[in-house]
1. List every DSSP H helix in the chain whose Cα atoms extend 15 Å or more along the helix's own long axis and whose mean Kyte-Doolittle hydropathy is at least 0.5.
2. What range in the chain is the longest one free of chymotrypsin sites (Phe, Trp or Tyr not before Pro) that are in a loop by DSSP and have at most 13 other Cβ atoms within 10 angstrom?
3. Based only on Cα atoms, what Rg/Rh ratio does the chain have, Rh being taken as Kirkwood's radius?
4. Label His55 and Lys30 with points 7 Å out from Cα along Cα→Cβ: what is the distance between them in nm?
5. With each label point set 7 Å from Cα along the Cα-Cβ vector, what nm distance links Ser222 and Glu185?
6. Using the alpha-carbon centroid of each, what span in Å lies between the range 146-193 and the range 207-258?
7. At 1.4 Å probe size, with no ligands or nucleic acids counted, give the accessible surface of Met87 in Å², nearest ten.
8. If a/c stays under 1.5 just call it rounded; otherwise compare a/b with b/c (prolate if a/b is bigger, oblate if not). Do that for the range 163-257, with a ≥ b ≥ c from the square roots of the Cα gyration tensor eigenvalues.
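The values are calculated or read from the model by the stated rules, or taken from the named source; none is laboratory data. No experiment lies behind these values; they were computed from the predicted model shown. FYI the Cβ positions are ideal-geometry reconstructions off the backbone, even for glycines, and counts take in every protein chain you see. Heads up: the accessible areas ignore ligands, DNA and RNA and are worked out on the full protein's heavy atoms, side chains in. Shrake-Rupley method; radii C 1.70, N 1.55, O 1.52, S 1.80 Å.
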Amino acid sequence: MQKKFIIAGNWKMHKTVEESIDFVKTLNNKIAENPDYARNNRVEILVFPPFTSLHALKGISGKTQIGSQNIFYEEKGAFTAEISPLMLKNLATYTLIGHSERRHIFGEADININKKIKTALKHSFTPLLCIGETLEEREAGNTFTKIKAQIDQDLEGLSSEAINKMVVAYEPVWAIGTGKTATPEQAQEVHAYIRELLEKKTAAFQDIPLLYGGSVKPENASDILSQKDINGALIGGASLQVEPFFAIISSSFKIVDQ
Ligand code: 13P
């Protein structure tokens, strides 16, 4: 089976409206100039800007897909500072759900992550669910137990048709923003396990894109993306400038062309 990739940038709490516009315009020019992109349609490029930039990117996003960094599970009401699926309509196609910073800094629980996935799907967004173990859990030998608990709780009550519309990102918490990347073998091992868990939930488990995230950079992208069960990357720091982000995209062009 030929590989397909999703290369996604999570900008977190970075970039003003003007900076977001500049980035997307420059990125689109680079994509347009690149013969590899024109030759294959197997690399999807995606960025998650802050909410304040979403409207400004409407109409200029070109080949770059736009996602929201969060979504609330209710459509409206007294939920100060939350963002409704109705507000994101026509501004985003993807939504990040359960990012480790939401879980660890803002105390987001699996039960709410599950509700957010259901709401996102109801409103036709593609949920990009993030899961991953902490350093403590890895060192205690509990990586697989944690991954299984997150998959089971976050996907609770979802039909196989619903699961088939999702993307899952494995982001070991100890590798996020630390410069410590999982080795390609460590990442592959967990991805293969996630694939196995998904096999119990849907016949189309091989087609669900599984992204790796955690200190992905131009220097390590090729080795990570070459792993069998890795279908792309979710990139924080290295997605904030066009050059390194595009270098990672270029690595994926080379691998899909092999
Ligand atoms: P870094 O690439 O900065 O480690 O961040 C990863 C991440 O959290 C992407 O969602």
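1. 242-257
2. Excluding the exposed sites themselves, the longest stretch runs over 107-258.
3. 0.94
4. 2.9 nm
5. 2.0 nm
6. 16 Å
7. Accessible area of Met87: about 110 Å².
8. Since a/c reaches 1.5 and a/b is larger than b/c, the shape of the range 163-257 is classed as prolate.
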